[in-house]
1. Scan the range 52-69 residue by residue and report those that are open to solvent by 40 Å² or more (accessible area, probe 1.4 Å) and of a type in the set (Val, Ile, Thr).
2. Is one or more of the residues making up the range 53-64 closer than 30 Å to Leu276 by Cα, out of contact with any helix residue (DSSP H, G or I) (no Cβ under 9 Å at 6 or more places or on another chain) and part of a loop (DSSP other than H, G, I, E, B)?
3. In the set Ser143, Ser91, which member is open to solvent by less than 60 Å² (accessible area, probe 1.4 Å), farther than 25 Å from His228 by Cα and polar (S, T, N, Q)?
4. Taking the range 18-34 only, how many residues are in a loop (DSSP other than H, G, I, E, B) and surrounded by fewer than 22 Cβ atoms within 10 Å (Cβ to Cβ)?
5. Taking Ile9 and the conditions (1) closer than 18 Å to Val282 by Cβ; (2) surrounded by fewer than 22 Cβ atoms within 10 Å (Cβ to Cβ); (3) modelled with pLDDT of 95 or more, which numbered condition does it fall short on, given that it satisfies the others?
Amino acid sequence: MSAAAIRLIVNADGLGAQDDITRGILRAHREGIVTSASIWGTCDVATCKQQLTEAPELGLGVHIVLVGATPISAPGEIPSLVNEAGRFFDSPAELFTRWVRGKIHPAHIETEVRAQTRRLLDAGVVLDHMNTYLQLGFLPAISEAMERVAQQLRIRTIRSAMEGPSLSWFTDAQKGVPLAVMGALAYLSRRRLGAIRHGAQSWGLAESGNLGRLRLLEVLGRMGPGVHELICHPGLAPTETLTLSGQRRVFERRLELETLCDPQVRVWLQQRQIVLCRFKDVF
């Protein structure tokens, strides 16, 4: 394939988080353009494996969860990551604040990242990438722990490169400021990474939960030669509301599912000569 080719991994985050999310992702793979999915790190592995039998060509990775869930490691092994009840902290803001204050121990992050990844591998799931829920992997301490685990367990790649600013970042400060902070952290993380680098440009963070046809067309139009990852969140769940960094975000998973399964999207891909692939196809 020529160096001028545009290769695109369409990756759905959160398979295994909820049944209606998993079913939506599998449908977006079966009827749409999704080529890859990241499995919720604390999921019910047996159920996930059974559901994945209907999608043998779907690329798979691990979606590391570090907030709002029960860890896989024993709480005593990762005390700086959990509250008094032995659960992860509820919000990314709380985790971020503790990291800024030096209260998060890097070894504890690595222990939990390894535990979530190892249990999937031990169950026979073949993993070709690693990323994090709510993109916490852009924090340098977390990205470095992920890289160490990726090298040890031979995971091909981790998510660390996000898209550059678009007009919406400047017209919507509530969206643009958190994205700018995230981009700066991602840059710092990449500067400190060693052998394992993402290599793909990630898109779709600004559209998380609201990736409609027009926004997708805009994203596809900005892609140049090389390897790209489109992050998406399809599902059959009703409207979902998340509060991130004080900002209320509405996730329209059904909207994303309809967009990814729209036949016109394949026409756009053909017109731009964009080739769909998986992480293991290019790394």
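The values are calculated or read from the model by the stated rules, or taken from the named source; none is laboratory data. Just so it is clear, the structure is predicted and the values come from calculations on it, not from any experiment. Ideal geometry is used to build each Cβ from the backbone, glycine not excepted, and the neighbour counts take in all protein chains shown. Note: accessible area is taken over every heavy atom of the protein model, side chains too, but ligands, DNA and RNA are not part of it. Shrake-Rupley method; radii C 1.70, N 1.55, O 1.52, S 1.80 Å.
1. Thr53
2. Restricting attention to the range 53-64, the residues satisfying the condition of being closer than 30 Å to Leu276 by Cα are 53-64.
Subsequent filtering for residues that are out of contact with any helix residue (DSSP H, G or I) (no Cβ under 9 Å at 6 or more places or on another chain) retains 53, 56.
Of the ones still in play, those that are also part of a loop (DSSP other than H, G, I, E, B) are 53, 56.
Among the residues of the range 53-64, at least one is closer than 30 Å to Leu276 by Cα, out of contact with any helix residue (DSSP H, G or I) (no Cβ under 9 Å at 6 or more places or on another chain) and part of a loop (DSSP other than H, G, I, E, B), which makes the answer yes.
3. Ser91
4. Summing the residues that are in a loop (DSSP other than H, G, I, E, B) and surrounded by fewer than 22 Cβ atoms within 10 Å (Cβ to Cβ) in the range 18-34 gives 2.
5. Evaluating Ile9 over (1) closer than 18 Å to Val282 by Cβ; (2) surrounded by fewer than 22 Cβ atoms within 10 Å (Cβ to Cβ); (3) modelled with pLDDT of 95 or more leaves (2) as the failure.
Results for (1) in contact with a strand residue (DSSP E or B) (Cβ under 8 Å, 6 or more places away or on another chain); (2) under 21 Å from Gln135 (Cα atoms); (3) at pLDDT 90 or above, shown as yes or no for each residue.
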| residue | (1), (2), (3) |
| --- | --- |
| Leu185 | no, yes, no |
| Ser208 | yes, yes, no |
| Gly221 | no, no, yes |
| Leu242 | yes, yes, no |
| Cys261 | no, no, yes |
| Val267 | no, no, yes |
| Val275 | yes, no, yes |
